[in-house]
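K.L.:
Encoded as structure tokens, here's the structure I'll be asking about.
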Amino acid sequence: MPTRLERPEISSFINTWRQGEPLQVVQEIASLQLETNRIPDPYSFVVAANGELISPTARCRVKDVVEDKTGHLGQLEYQAVLAIERWAADSNEGSVVWVSPPYSGIYPTSKIVVSQIEYQDGAKRLFNRAIILDFDEKGCLRFAQDLAQLSQNRPLLLHLDQVRATPLILNTHGNSWIYILQKFINDPILWESIRNGEDQSAKKEAIKQATIVQQTLFAVSGSDDLDSVRAAVVRILGEGPGSCPVLFKTAFQVFSENSLLIGGGIETSDPDYCRSCPVCGKEINCIVRIGGSCPNCGEIKRCG
């Protein structure tokens, strides 16, 4: 039986993480930990005044982080990102589900992202949960088709490409999105953990562990030290498969990784980290460099 140490993909992740922004690297390590332990990954995006989704950890628009927009997979997923963004901009409430079927070499298993519009101190946000399903391709198609029957857009889904490109706007009729999904996913422990906020507590703990790994990663240089970092990463991972590293980030990877920490609880020593905008007064909890803008009111930052 494979052991946790047999994870050759970690080396590729580490090479990427060494070039990344520290806050974003922490987020990705934490997300991988939750994914391999089959724990939902909760996070939020800011919905800007113009309706665009903002990733505070990547410090830019979500769609700007997507690197693959022209390949077959890239076009399908980018179409879905834009659809979710339009829905979030035009809606005052509601939930949407993006279903990601398995894809050889990139997604070893199926996953969904459930996004719900919420407001924090008057600021509009998109609260998301990435959830592993472990459906095979046929099971994923059947799940998406069944869920589509309870959606507002009710798309005709005949193949996996359509599933990947078409987010499903849930018709909740005043109920929680959990009420709908539990009809098709028989996992009482999963739903109870979400209702009780256990996944949010797990995310906070994962962030703490990932921060230690990230700090170690940026402090080492030699190959022996990198081996110790690799071992440290493996120790916090679960037994389940995780997403595969790729040369160019896909839209689904960006959407499920570039996120704001739960409850706006980002702790960073970055001098450009802003808890609130000095102009509109809204809590934003993100890094805004000189020349950047507030994700809520759009005011340009002109000095430190």
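K.L.:
Can you give me the P(r) profile for segment 9-267? Cα pairs, bins 5 angstrom wide beginning at 0, each as a whole percent.
P.N.:
Reading upward from the zero bin: 1, 6, 14, 18, 20, 18, 13, 6, 3, 1, 0, 0.
K.L.:
Pairs of Cα atoms under 8 Å, at least six residues apart: use those to get the relative contact order of segment 9-267, whole percent.
P.N.:
In percent, rounded to a whole number, it is 34.
K.L.:
Continuing with the same structure: How far apart, in nm, are the 7 Å Cα→Cβ label points at Asn171 and Val279?
P.N.:
Going from the Asn171 label point to the Val279 one covers 4.2 nm.
K.L.:
Past 26 Å, Cα to Cα, is the threshold; run Lys111/Lys203; Lys69/Lys203; Lys111/Lys208; Lys183/Lys204; Lys111/Lys183; Lys63/Lys124 against it and keep the listed order.
P.N.:
Going by Cα-Cα distance, Lys69/Lys203; Lys183/Lys204 fall outside the 26 Å limit.
K.L.:
With each label point set 7 Å from Cα along the Cα-Cβ vector, what nm distance links Gln215 and Asn196?
P.N.:
3.0 nm
K.L.:
Expected output is a single nm value to one decimal: the length gained when fully extending between Leu82 and Tyr119, i.e. 0.36 nm times separation in residues minus the C-alpha distance. What is it?
P.N.:
Working: separation 37, 0.36 × 37 = 13.32 nm, distance 2.09 nm.
Length gained, Leu82 through Tyr119: 11.2 nm.
K.L.:
Whole Å is fine, so just give me how far the alpha carbon centre of segment 147-197 lies from that of segment 81-112.
P.N.:
11 Å
K.L.:
Whole-Hz ³J(HN,Hα) for each residue in segment 173-183, computed from phi via Karplus 6.51 cos²θ - 1.76 cosθ + 1.60 with θ = phi - 60°, x for glycine and proline: what do you get?
P.N.:
So the J values, rounded to whole Hz, are 6, x, 8, 5, 4, 4, 4, 7, 5, 5, 5.
K.L.:
Would you kindly state how much longer the chain becomes between Lys208 and Arg142 on full extension, computed as 0.36 nm times their sequence separation minus their alpha carbon distance, in nm to one decimal?
P.N.:
20.0 nm
K.L.:
Summing +1 for each Lys or Arg and -1 for each Asp or Glu, what net charge is found among the other residues whose Cβ lies under 12 Å from the Cβ of Ala89? Kindly include the intermediate steps, with their values, before the conclusion.
P.N.:
Values: positive: Arg86, Lys124; negative: Glu52, Glu85, Asp90.
The answer is -1.
K.L.:
Shifting gears a bit: Taking every pair of distinct Cα atoms and averaging 1/r, then inverting, what Kirkwood hydrodynamic radius in Å comes out for segment 92-143?
P.N.:
About 12.3 Å for segment 92-143.
Read-outs: derived from the displayed coordinates by stated rules, not from any lab. None of these values were measured; they are calculated from a predicted model. Counting neighbours? That spans all protein chains shown, and the Cβs are built from the backbone with ideal geometry, glycine included.
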